[in-house]
Amino acid sequence: MQSLEKSERSGSTDQVAAAPPLPEGEGRGEGKGDARLAVADGVSQRSSRPTSQKLKLSQESDYPWNGRVRLTLLECGECPFTLKLRIPGWARSATVRLNGVLVEASPVPGTYFALRRVWHPGDVVDLDLPMPVIRVEANPFVEETLNQLAVKRGPLVYCLESTDLPPAVRILDVLLPDSIDLVARYDGRLLGGVVALEGKGLARRTENWAGHLYREFHPSSVEPVNLRFIPYSAWGNRGAGEMTVWLPLAQP
């Protein structure tokens with residue numbers, strides 16, 4: 001699975017002044033010695049090649065809970081430089097706006113999108129990284145997860161904890177319908193404030209297997225069950241219980 005990213009800047013406004021230089025030749029419209037500044041996924045990262053002009057910007061973001069990132073130029077000189085925005089590999093429908101005007105409707109995922117111009121204090125760049133909930137399947141040769149799905153939103157993989165299930169339902173009983181509609185909701189009271197995913201799943205009726213390792217197959221009845229997924233990085237903080245990332249796909 002993709003590695004998880006956890007923000008420590010939720011709801012914050014960060015100011016970026018300087019950081020290590022980037023390799024030469026990245027991006028478009030740059031020459032050797034051009035000044036540039038790079039920002040990665042709503043988290044202040046690194047700045048430019050040495051330059052004599054003073055540069056200061058602010059960044060507002062609730063990443064990774066939503067993908068809206070706003071950069072505002074606070075101070076800059078009169079020389080042009082390149083602002084680079086990292087477009088994550090998962091961001092399929094990102095957009096970039098400069099002072100409210102759309103400049104790129106579909107930057108390439110997994111690259112840096114470069115904006116080169118003479119900047120002015122007060123210029124605003126808005127990067128929007130839509131975060132639809134997606135279901136993920138593994139290669140069929142990964143037998144352990146065959147006919148199972150995981151749930152992902154933006155950069156975060158989600159999981160299901162037994163704490164969020166009714167007392168009579170076990171993790172092993174839960175099935176994901178192929179038509180499940182998971183809704184993202186921010187809950188400030190849950191685990192210090194996270195976006196949870198909620199929807200209707202199915203649960204097999206728990207049966208008594210006492211004294212049986214194998215038996216003749218007979219279909220189990222299923223019932224609707226409310227599901228709540230939390231970020232994988234937050235599991236294990238509500239007492240002892242079971243957790244899973246992969247869930248069986250309900251068969252039609």
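The values are calculated or read from the model by the stated rules, or taken from the named source; none is laboratory data. Predicted, not measured: the structure shown is a model, and the values here were computed from it. Every residue, glycine among them, receives a Cβ derived from its backbone with ideal geometry; neighbour counts consider all protein chains shown.
Against the numbered list (1) in contact (Cβ under 8 Å) with a residue 24 or more places away in the chain; (2) loosely packed, with under 14 Cβ neighbours inside 10 Å, S61 comes up short only at (2). Exactly one condition in (1) more than 23 Å from P231 (Cβ to Cβ); (2) within 24 Å of the chain's Cα centre (by Cα); (3) of a type in the set (S, T, N, Q) is false for Q59; which is it? Status for Q59: all satisfied but (1).
Residue by residue through region 93-136, note down the ones that are free of Cβ contacts under 8 Å to residues at least 24 places away in the same chain and part of a loop (DSSP other than H, G, I, E, B). If the condition is that a residue be free of Cβ contacts under 8 Å to residues at least 24 places away in the same chain and part of a loop (DSSP other than H, G, I, E, B), then A105, S106, P107, V108, P109, G110, P132 are the ones that fit. With respect to the conditions (1) within 30 Å of R86 (Cβ to Cβ); (2) modelled with pLDDT under 95; (3) among the basic types (K, R), K152 lacks only one, and its number is (2).
Return a yes/no flag: does region 199-219 have any residue that is farther than 20 Å from C159 by Cβ, among the charged types (D, E, K, R), without any contact (Cβ under 8 Å) to a residue 12 or more places away in the chain and assigned to a loop (DSSP other than H, G, I, E, B). Among the residues of region 199-219, at least one is farther than 20 Å from C159 by Cβ, among the charged types (D, E, K, R), without any contact (Cβ under 8 Å) to a residue 12 or more places away in the chain and assigned to a loop (DSSP other than H, G, I, E, B), which makes the answer yes.
Conditions tested, residue by residue: (1) surrounded by fewer than 16 Cβ atoms within 10 Å (Cβ to Cβ); (2) over 22 Å from the mean Cα position of the chain (by Cα); (3) assigned by TED's automatic domain parsing to the domain that holds S220.
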{"position": "D123", "(1), (2), (3)": "no, yes, no"}
{"position": "V142", "(1), (2), (3)": "yes, yes, yes"}
{"position": "C159", "(1), (2), (3)": "no, no, yes"}
{"position": "S162", "(1), (2), (3)": "no, yes, yes"}
{"position": "Y186", "(1), (2), (3)": "yes, no, yes"}
{"position": "L190", "(1), (2), (3)": "no, no, yes"}
{"position": "L197", "(1), (2), (3)": "no, no, yes"}
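Each residue in region 128-147 was checked for being out of contact with any Asp or Glu (no Cβ under 9 Å at 6 or more places or on another chain), of a type outside the set (D, E) and within 19 Å of P109 (Cβ to Cβ), and 5 of them qualify.
Across region 173-184, the number of residues qualifying as within 19 Å of the chain's Cα centre (by Cα), surrounded by 12 or more Cβ atoms within 10 Å (Cβ to Cβ) and in a loop (DSSP other than H, G, I, E, B) comes to 1.
Among the conditions (1) at pLDDT 50 or above; (2) among the aliphatic types (A, V, I, L, M); (3) not in a strand (DSSP E or B), the only one that A19 does not satisfy is (1).
All told, A150 falls short of being more than 20 Å from G199 (Cα to Cα) and either outside any loop (DSSP other than H, G, I, E, B) or under 23 Å from the mean Cα position of the chain (by Cα) (or both).
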